[in-house]
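Report on the structure given below.
The values are calculated or read from the model by the stated rules, or taken from the named source; none is laboratory data. Please read these numbers as outputs of a predicted model, since none were measured by experiment. Don't worry about glycine lacking a Cβ; one is built from the backbone with ideal geometry, like all the others, and counts go over all protein chains shown.
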């Protein structure tokens, strides 16, 4: 993903820093030190305290697409954990969004 074009509004330098953080152990844990999927840190900066998405972002559409992909994958990979399904769905959705902006 580091070689791909960053999402709109993110500089190449910040995108690489963000990807490196997400790949670090600290970046893979929530506020309570528990592992989280790749989808979780994507949602957090784009939602308000009540969990609703902030206006003017495409994050809600992205998350909806990723959730749909989780359900598709759940039917194929019966033994994968929720985190594994969300990670794979996130990656597939991210690649699809970059191909078809």
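Observations on the model:
- Looking only at the stretch 38-66, and only at residues there that are free of Cβ contacts under 8 Å to residues at least 24 places away in the same chain and under 17 Å from residue 96 (Cβ atoms), the one that is surrounded by the most Cβ atoms within 10 Å (Cβ to Cβ): 59
Per-residue answers, yes or no, for (1) farther than 17 Å from residue 90 by Cβ; (2) modelled with pLDDT under 80:
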{"position": "20", "(1), (2)": "no, no"}
{"position": "31", "(1), (2)": "yes, yes"}
{"position": "36", "(1), (2)": "no, yes"}
{"position": "45", "(1), (2)": "no, yes"}
{"position": "53", "(1), (2)": "no, no"}
{"position": "60", "(1), (2)": "no, no"}
{"position": "63", "(1), (2)": "no, no"}
{"position": "66", "(1), (2)": "no, no"}
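- Being out of contact with any strand residue (DSSP E or B) (no Cβ under 9 Å at 6 or more places or on another chain) and assigned to a helix (DSSP H, G or I) is a property that does not hold for residue 60.
- Subset of the stretch 74-101 (residues that are in a helix (DSSP H, G or I) and farther than 18 Å from residue 35 by Cβ): 74, 75, 76, 92, 93, 94, 95, 96, 97, 98, 99
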